[in-house]
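The values are calculated or read from the model by the stated rules, or taken from the named source; none is laboratory data. The structure displayed is predicted, hence computed values, not measured ones. Every residue, glycine among them, receives a Cβ derived from its backbone with ideal geometry; neighbour counts consider all protein chains shown.
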Amino acid sequence: MKFLQLLRPVNLVIIALTMYSVRFFYFTLGSISTLPIGNPARERVDFFLLVLSTVLIAAAGNIINDYFDVRADRINRPERLIITKHVKRRWAIITHWLFNFVAFSIAIYLSARYTTFWYVFIHLLTINSLWFYSMYFKRRPFIGNFIIAGLTALVPILCGIHFHLQTGFPEAGDGSVVLPVVSSVNDSIAIWKLRLLADGRFVFLLAYFAFTLNLSREIIKDMQDMEGDKLLYARTLPIVLGIRKSAWIATAVLALAPVFFIVLFVLHVQQDYSLHLLALLPLALSGLLNLISAVILLRHPANIQRLKQADLVLKISMLLGIVVPFYWWFFHS
């Protein structure tokens, strides 16, 4: 159980739900619902492997983050200290490399299967970014927060790349994917533009939503961890600018998150969907949750318990963003 806590299972479940939310969108509201899939059973297996590799990399990142933060966690979270107390350091690092090895092996398989370098590139970028974040960038002002928020935003984009790579690609007799033949370069560009307009906007909006909420959350977590970070001579945003200014920055970033729902709602209005007051529900709930978090941040910026409450509210807001495809499908079905 302690080892499972080290992996942060709730965060891993959110990552998996995000990816399957994007898949649900593509297969119910997106272009894949009208375009052929070479082998649907094979697609389900490939997508599961993509989710598995992403979750393994995130779990490995959580392990290596705690590995480098043992000293700080003795101050910030003594009740949650796992490495050295319940799990030996060498087993933590071995598990970290094992998870990354399995995830990267899956990326090599997917890249070979779909004749692309995207999977290998993104997995390699993520693995190295998490290592250097834990070792160095986490202790620098803002850049560490930006890296984690950017990697979180990369999750739905990776799903979008996966579906754009495979939509309508039939399989040859040996199981390899046969890329579609187009009559000209302009035809190929036109197909990609059509798919990006039809589906890509939702993926990028979801990535934007994930980026803003996670950037705010990372700043809040740095505010909670100030005392332990000072022992490591870290230069995080709250240490450099102070609690009050950091709270205002986190609130300003938080105010950008509802743009996701505003733009999504406008896009659906332009597509002449039947409108109803319930269509405002995701926007209203998201705005309310972000407002609650902002009030907590600005009124009690130095209260650790209040910061944890704000962090919990943001997690609920993230779950609200994840279920948007299911909500719209149910509302318009």
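Within segment 249-262, restricting attention to residues that are at pLDDT 85 or above and buried (at least 16 other Cβ atoms within 10 Å of the Cβ), the residue that is farthest from K315 (Cα to Cα) is I249. F163 meets all of the listed conditions (1) at pLDDT below 70; (2) closer than 21 Å to R201 by Cβ but one, namely (1). With respect to being under 16 Å from F202 (Cβ atoms) and at pLDDT 70 or above, S293 falls outside the description. Looking across segment 21-50, the residues that are at pLDDT 90 or above and touching a Cys at 6+ places or on another chain (Cβ under 9 Å) come down to F47, L50.
Would you mind stating whether I122 is under 23 Å from F204 (Cβ atoms), assigned to a helix (DSSP H, G or I) and touching a residue at least 60 places away in the same chain (Cβ under 8 Å)? In short, no. Report yes if W131 is at pLDDT below 90 and outside any loop (DSSP other than H, G, I, E, B), otherwise no. It is false that W131 is at pLDDT below 90 and outside any loop (DSSP other than H, G, I, E, B).
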